[in-house]
Amino acid sequence: MMDKETVINAINEMEPAMLETWQKLVDRDCGPDNKAGVDAVGRDVQHFLEPLGFHVRFHTYEKAGNMLVAEYGDMTRPFIILTGHMDTVFAKGTAAERPFQITGDKVTGPGVLDMKGGLTILLHVVKFLVKQGYDRYPIKIILAGDEETGHKNSGAGMDYLEEAKGALMGFNLETGFPDNGIVIERKGVAQYRFDIDGIGAHAGNNPKDGRSAVMELCHKALDMESLTDYEEGTTVNVGVISGGTVANAIPEHASCRVDVRYSKEEGIERVEKAFRKIAEKTYVQGTKTHVECLVKVSSMERLPASEDLFHRAEEIAKEWNLPHMKAIAVGGGSDSAYLTGAGIPTLCALGVKGEFNHTVREWADKKSLTERAKLLAALLLQL
């Protein structure tokens, strides 16, 4: 095994090349409605990995960015998974408006934190290890092309589960946290739209002829919110409401969007059953309600094996004089859910550290690029 100082020095020397890759990835638009841009990132990754000896293939989708799968070594042996995603939340043109920029130790640009920095770390660490003859575990890399939309326009979730089978452990290079938290549990997230149709009428001349869609929605919004169960780890938030057109008309239509976060599958099953009953129930006679699930990302359930993996990783980080880590649970979803769903111990949020992903204020800590690269290399060498 390579000695610690050799690895640390080599990664420090890799920083200029890593920054170049980071900039190239950030300066390419690859938002949720830009399949061509996401697939171009996939080709960039393919061209990076194939010369190293990786076998690269794609799961292709008509209406979503393709999923890249790259394999190195004897895949009949138990393997490790390195994972993340290639898409961002930003619209076409954002990369030109806000290109990659370094100001002191702060790096900005669309997706710089979520998760072009983590993708950069993944690529350069495997490049370094493979060139040093790494053979501790076969490596499978899985990079989704539509993580930010919860795979709603593809079958990537099921493809992910199939690809994960047989893995010993998984490492997700998702957004890192400034406090050095390593995620071993994430809530699932699901979003729904309720549409209510009533009967319009003039509020002054014939209000009794109307059937208010807004009034129906108000009753149902309270029913939805009442489903929150903090002890269970399930929250329901009616986040957007719209309805009516003018104050002097009984509103004919109303709608709302609802966000649900859940720690266990039992929680979302309970809420979905209740949502169906809410849609069927009528408070204002003459109104009709339709409910639709817009997106659903499973929860990353806390596995005892993930806790054990974290403690082993914590010891390795200490041995390598890397910052102290802590195990955390967070409310945002990720594709790590598919790994833990398959029973695979998984550490998430191993990417560059920063704040405010999904916003124009998104930034990443430049120092964390090599710091987290050292951590990933150490884990792959010693776990």
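The values are calculated or read from the model by the stated rules, or taken from the named source; none is laboratory data. All values derive from a computational prediction rather than experimental measurement. Cβ placement follows ideal geometry from the backbone for every residue including glycine, while neighbour counts extend to all protein chains displayed.
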For segment 348-361, state whether one or more residues are within 18 Å of residue 262 (Cβ to Cβ) and touching a helix residue (DSSP H, G or I) at 6+ places or on another chain (Cβ under 7 Å).
-> yes
Name the single residue, out of those in segment 319-328 being in contact (Cβ under 8 Å) with a residue 40 or more places away in the chain and not in a strand (DSSP E or B), that is nearest to residue 265 (Cα to Cα).
-> 325
Quick check: is even one residue across segment 319-335 within 19 Å of the chain's Cα centre (by Cα) and surrounded by 23 or more Cβ atoms within 10 Å (Cβ to Cβ)?
-> yes
Those residues of segment 143-176 which are assigned to a helix (DSSP H, G or I), crowded, with 18+ Cβ neighbours inside 10 Å and among the acidic types (Asp, Glu), in sequence order | 147, 148, 159, 163
Please indicate, with yes or no, whether at least one residue in segment 104-125 is small (Gly, Ala, Ser), farther than 19 Å from residue 365 by Cα and surrounded by fewer than 24 Cβ atoms within 10 Å (Cβ to Cβ).
-> no
Residues satisfying the stated conditions in segment 118-142, i.e. closer than 18 Å to residue 71 by Cβ and either not in a helix (DSSP H, G or I) or not assigned by TED's automatic domain parsing to the domain that holds residue 59 (or both) = 133, 134, 135, 136, 137, 138, 139, 140, 141, 142
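Conditions tested, residue by residue: (1) more than 23 Å from residue 60 (Cβ to Cβ); (2) touching a Cys at 6+ places or on another chain (Cβ under 8 Å); (3) not assigned by TED's automatic domain parsing to the domain that holds residue 280.
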| site | (1), (2), (3) |
| --- | --- |
| 144 | no, no, yes |
| 157 | no, no, yes |
| 196 | yes, no, no |
| 203 | yes, no, no |
| 207 | yes, no, no |
| 217 | yes, yes, no |
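The rows are residues; the columns are (1) out of contact with any Asp or Glu (no Cβ under 7 Å at 6 or more places or on another chain); (2) assigned to a helix (DSSP H, G or I); (3) of a type in the set (Gly, Ala, Ser); (4) modelled with pLDDT under 95.
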residue	(1), (2), (3), (4)
268	yes, yes, no, no
273	yes, yes, no, no
286	yes, no, yes, no
291	yes, no, no, no
294	yes, no, no, yes
305	yes, yes, yes, no
309	yes, yes, no, no
312	yes, yes, no, no
317	yes, yes, yes, no
Selection from segment 66-97 of residues that are assigned to a strand (DSSP E or B) and within 20 Å of the chain's Cα centre (by Cα) | 66, 67, 68, 69, 70, 80, 81, 82, 83, 84, 85
Looking only at segment 294-318, count how many residues are surrounded by 14 or more Cβ atoms within 10 Å (Cβ to Cβ), more than 30 Å from residue 3 (Cα to Cα) and not small (Gly, Ala, Ser).
-> 8
Find the residue count for segment 214-227, including only residues that are exposed (fewer than 15 other Cβ atoms within 10 Å of the Cβ) and not in a helix (DSSP H, G or I).
-> 1
Residues in segment 84-92: is at least one buried (at least 19 other Cβ atoms within 10 Å of the Cβ), in contact (Cβ under 8 Å) with a residue 40 or more places away in the chain, in the same structural domain as residue 139 (by TED's automatic domain parsing) and among the charged types (D, E, K, R)?
-> yes
Matching entry among 268, 250 (being under 30 Å from residue 340 (Cβ atoms) and either surrounded by 20 or more Cβ atoms within 10 Å (Cβ to Cβ) or not assigned by TED's automatic domain parsing to the domain that holds residue 149 (or both)) = 268
Only residues that are of a type outside the set (A, V, I, L, M) and either touching a helix residue (DSSP H, G or I) at 6+ places or on another chain (Cβ under 8 Å) or in a loop (DSSP other than H, G, I, E, B) (or both): list them for segment 49-65, please.
-> 53, 54, 58, 59, 60, 61, 62, 63, 65
What do you reckon, is residue 315 of a type in the set (D, E, K, R) and in the same structural domain as residue 159 (by TED's automatic domain parsing)?
-> yes
What are the pairs, 6+ residues apart or on separate chains, where a residue within segment 233-254 that is over 26 Å from residue 190 (Cα atoms) has its Cβ under 7 Å from a residue that is part of a loop (DSSP other than H, G, I, E, B) and among the hydroxyl-bearing types (Ser, Thr, Tyr)?
-> 250/212; 251/212
Enumerate the pairs (first residue in segment 56-76 and on the phi > 0 side of the Ramachandran plot; second residue anywhere and of a type in the set (Phe, Trp, Tyr)) with beta-carbon separation below 8 Å, excluding pairs fewer than 6 apart on the same chain, so at least 6 apart or on different chains.
-> 73/79; 73/137
Given 102, 8, which one is out of contact with any Asp or Glu (no Cβ under 8 Å at 6 or more places or on another chain) and in a strand (DSSP E or B)?
-> 102
